[in-house]
Amino acid sequence: MKKNIRQALISTLIFIPLFVLFQLWGNSGAEILHTISQAKFWLQLLIAGTVYFLGLSYLPLIFRRK
């Protein structure tokens, strides 16, 4: 595995729990369970994680080629 992809994967694995924490911040216990059970929440998590990973792993390659 290339070094930049490995670093992006590790960073993404750190980003996902932080994203979840900030999404749930300020909700009471019942609202947290309701939020987690919604498909919209998981879709947002999937999209944010994917964009974050692709940005970290491929943007340095794009800028290095110029």
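The values are calculated or read from the model by the stated rules, or taken from the named source; none is laboratory data. Keep in mind that this is a model prediction, so the values were computed, not measured. With ideal geometry, Cβ positions are generated from the backbone for all residues, glycine too; neighbour counts draw on all protein chains shown. Each accessible area value is taken on the protein alone, full model and side chains, heavy atoms only, with ligands, DNA and RNA left out. Shrake-Rupley method; radii C 1.70, N 1.55, O 1.52, S 1.80 Å.
Numerical summary
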{"item": "In nm, spacing of pseudo-spin labels at TYR58 and LYS3 (7 Å Cα→C-beta vector)", "result": "2.2"}
{"item": "Quotient of C-alpha Rg and 2.2 N^0.38 Å, computed over the chain", "result": "1.39"}
{"item": "Within segment 1-65, trypsin sites (Lys or Arg not before Pro) in DSSP loop having at most 12 other beta-carbon neighbours inside 10 Å", "result": "LYS2"}
{"item": "Residues ILE10 and ILE36, FRET efficiency given R0 of 35 Å [Cβ-Cβ distance, rounded to 0.05]", "result": "0.90"}
{"item": "The chain, accessible surface, carbon-and-sulfur percent (1.4 angstrom probe)", "result": "72"}
{"item": "Relative contact order %, the chain, counting alpha carbon pairs below 8 Å whose residues are six or more apart", "result": "55"}
{"item": "Label-point separation in nm, VAL51 to LEU18, each point 7 Å along Cα→Cβ", "result": "1.6"}
